[in-house]
Structure formats: structure tokens, C-alpha cells
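One structure is given below, encoded as C-alpha cells.
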Amino acid sequence: MAGRLTNIIESFAAFTAMLGRSLERLVQRLRTDGWMSARVCLKCTMANARVRFANRFGTADRVECPYCGWQGHDFLTIDCGSFTVPTAECPHCRGHERHRMLHLYLERRHSGLSSEKGYALHFAPERQVRDMIIRNADLRILSTDYAFDAISRFPRPGIQADMQQLPFTDDSMDWMFCLHVLEHVPDDRRGIAELHRVLRPGGTAFIMVPLMMGWEKTVEFDAPDPNQFDHVRGYSPNDFDERLAPFNYDKVMPLSFLSEDEIQRFRIPHDSQVIYRCTK
Ligand SMILES: [Zn+2]
């Protein structure tokens, strides 16, 4: 009885603390970005309050994060500034759909990576992707990003570099992991040409980008959009592929290696998550 009461009090304390933080965030958004942005923030906060409640008291194993093993009722909604992405973020490891999908793909289709030697170039390093490379391969990992802060949090070697002008020799990398980076690169075609130049023949580059479902064409923004994580463009699923022309590539869709039940359990959208497996 006492344990249950403590549990309820702890939940209530956590809820009120979260409410305070959410209100603070909401007021900040209203001041800096206006009512529309604050509305998105409010929608996201309410959705996540419901999910957190259900994760605490609802079905314990309805969904699962294959990267960290967390199970619960549902994943959290992400606030993207001008819109939200529901059931996207793992409450435990903060991994997103792209991490879950790549993890499962590497585990199921690239288990041979574990016997590979060589160099893996990891753009805009994320803990979830780095762990996948370490788990799956005996590779020397080079982290790279335009911003020093982004690489300083990870073990060396880290190389501060502009993707449009990479400081690596031709054909020098065996593997590349480039997830949600190209939408930040001013001249992404030049960036892709650099990826192609640096990848060795027979090597593989895994590329993923956020696809704006429903957008007929890719749209270039005038400046980095603070309401979309400073993206400089929004990629349409209809024409992104054309940019990968320098490579040979497979378009890996979730249903090509996961069952419908697994897609529901791991909460990976059917169409918006695509792994471009590029070779040279
Ligand atoms: Zn997780």
C-alpha cells in the first residue's frame, strides 16, 4: 500500500515538474515564434502527456525500441516547429524512427559487417548510429561534422569538415553513414559528389534524409529554417532519388525486410523512412 502511494506521489511530482517545463517552453515559443508555433508546441505537449501516462499505467509492451530494448505503450511525439511527428522518439534512448530502422536493417541484412575491417565515415555523429557501427563491425570510425561541438562529444578521431569539400583522398572509405545531414548542406549535389569520390569501389554508403510526404517537389529554402531544425531544403519523396545519380543505389523500404506486425511494433512508417544503400 505504502509502495503504491509512493509511486502515485512520485508520478504526480514528475507530472507537475513536466507541466512547469512545458508551460515555460510554451510561453517562450509564443514570444519568439508566434501563435502558430506555440500551437504546435501545445499539441506536442498534450500528446506526450497522454503517451507518458499510458507508458506509466497502460500496456507495457505494445511497442519496442530495437536499439535499446525499451518496451511500452507508445513512442513520443516530436515537435518539429511547424508540425509534429507522432510516435517517433523512444523515451529511453531518444532514438528516432531512422535509428530503429537502420538498426534492424543492419542486424538482418548486414550481419556480415561484423567481420569487416576498414574505415567507416560517420557524418553528424549520433550515439545511436555509432553504437550500431560498433556493435556490427570491427571498423575504425571517423566522426565528421561541420560544427566542432558535434564531434567533440565522441571519441577521437573526429574531423571537422565541410561535406562539400571533404579532406579525404579518393576511394578511401569502406563504409559511410550519413543520416539526416544532406538537408543541412547548402550545395547537397556537391556534397553527394564528395561522398561518391571518397567511397572506395565496393564500399557502401547508407544515406537517409527526412522526406516531406505530400510535397510534389523538393523545395529550397531561402535560409536555414529554424522551424525545421535549420534545414535548408525539404526533400520530396518524388525527386530525392535523382540526386543520388552518381551512385548505384537500392531504395530499402521497411516492408522489404520487416513484417507488417514488426512495422507496427517498432513504429516505423511505411513510406517516409527509406534507407538509400549506395555503392560505387
Ligand atoms: Zn530506445
Failed condition for Asp170, given (1) over 22 Å from Val274 (Cα atoms); (2) touching a residue at least 40 places away in the same chain (Cβ under 8 Å), with all others met? (2)
Which count do you get for residues in region 57-82 that are over 30 Å from Thr32 (Cβ atoms), exposed (fewer than 15 other Cβ atoms within 10 Å of the Cβ) and away from the ligand (no atom under 12 Å from the Cβ)? 5
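Could you tell me whether Glu220 is exposed (fewer than 15 other Cβ atoms within 10 Å of the Cβ) and part of a strand (DSSP E or B)?
Working: exposed (fewer than 15 other Cβ atoms within 10 Å of the Cβ): yes; part of a strand (DSSP E or B): yes.
Against the criterion (exposed (fewer than 15 other Cβ atoms within 10 Å of the Cβ) and part of a strand (DSSP E or B)), Glu220 qualifies.
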Quick one: Pro66 ticks every box in (1) more than 18 Å from Asp261 (Cβ to Cβ); (2) in contact with a His (Cβ under 9 Å, 6 or more places away or on another chain) bar one, so which box is it? (1)
Within region 233-252, the count of residues that are among the charged types (D, E, K, R) and assigned to a loop (DSSP other than H, G, I, E, B) comes to 1
Report, by residue number, each residue of region 133-169 that is of a type outside the set (Asp, Glu), within 19 Å of Leu102 (Cβ to Cβ) and either part of a strand (DSSP E or B) or not assigned by TED's automatic domain parsing to the domain that holds Arg190 (or both). Ile141, Leu142, Ser143, Thr144
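The values are calculated or read from the model by the stated rules, or taken from the named source; none is laboratory data. Since we're looking at a predicted model, the values are computed, not measured. Here the Cβ is made from the backbone with ideal geometry for all residues, glycine too, and neighbour counts use every protein chain on show.
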